[in-house]
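Report on the structure given below.
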Amino acid sequence: MILRSSYYQLLTLFCLLLCSSLSLAADPVPFGCRLKLEDNIEFDLTSLSGEHVLNRTRETPPSTTIDSLRFDLCGELKSVSEIPEHDQCPSGTKACLTKIVTKANTPDLISAVIPIAQSNDLKYIAKASSTPKSLNIILHGAEYPKLGSPSPVQQSLNLTVICVPEGSSDPKFIAYDGATLDVEWNSPAGCPFSDKGGDENKGGDSDDSGDDKPKDEPEKEKDVGSGIGWFFLVLLLAFIAYLGLGAYYNYSTYGASGFDLIP
């Protein structure tokens, strides 16, 4: 009975380790400002780093409401010393929407502070588009009450970076529906590497022939195969460990030998 109990304890421990390994293998890739999409298209968003502030003004008689978005695509927002802590988004926020109500002869009132995108819940979606040529990124944040909804809804920043090779413009606050905040940005960062010249062009020349393919193909194979290879490696190790533990159990409990050792 002691041997049987030890065997099942070892098997349970191994199953827990296996589940942890598979969970780590299945974790999404963390968001970074150098993106490599599934079809091997690459984008460099580092030129968009830093804090940006976008304002949208709405007439809400007898007052005026200002929707102020602060965001840092490549980092986290820093607290503003002039504003009380309870009127700011929590630490780890990448995009914060503040609603400010203004009225004549009345001090401004902060009516809502909404974490639109947060680092600790940054499950992102990135997709390239050809018409117009652009990169679309969706960053998720915390849940927040929405007018007309019985329960809080998850917030998200929907950023579209439109490919404009000749220069960059300021980002634009497009819309906010209580859950998704849409921003558009014209910038060379919305162009994939293959569409940019100079050092950012992987080939180094405008000519596509020559040395690009030997470099790109192994990189693509490594990208595609790394997750699948890790998954099957864990399964193989699990199977080997199962055979080993089962054989040991059969030998120590029943004195088995040869093919009888196989569990």
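Coordinate-derived values only; no laboratory data. No experiment lies behind these values; they were computed from the predicted model shown. No Cβ is skipped: glycine too gets one built from the backbone with ideal geometry, and neighbour counts run over all protein chains shown.
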Just want to confirm a number: the relative contact order over the stretch 36-91, from Cα pairs under 8 angstrom separated by 6+ residues, in percent. 28 percent
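Using the Cα atoms as the points, what is the convex hull volume per residue of the stretch 127-182 in Å³?
On the way: hull volume 5.2 nm³, N = 56.
Looking at the stretch 127-182, the number lands at 93 Å³ per residue.
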Could you put 85, 42 in order, starting from the residue whose Cβ has the fewest other Cβ atoms within 10 Å? 85, 42
For the pair residue 166 and residue 180, the simple spin-label estimate (label points 7 Å beyond Cα toward Cβ) gives in nm 3.1 nm
Cα atoms only: what Rg and Dmax, in Å, come out for the stretch 72-193? 16.1, 53
Scalar couplings 3J(HN,Hα) for the stretch 146-159 by Karplus 6.51 cos²θ - 1.76 cosθ + 1.60 (θ = phi - 60°), nearest whole Hz, x for Gly and Pro, are 10, 4, x, 9, x, 9, x, 10, 6, 8, 7, 9, 9, 9
With the label point 7 Å along the Cα-to-beta-carbon line of residue 64 and a cut-off under 16 Å to each amide N, the hits in the stretch 77-107 are 99-107
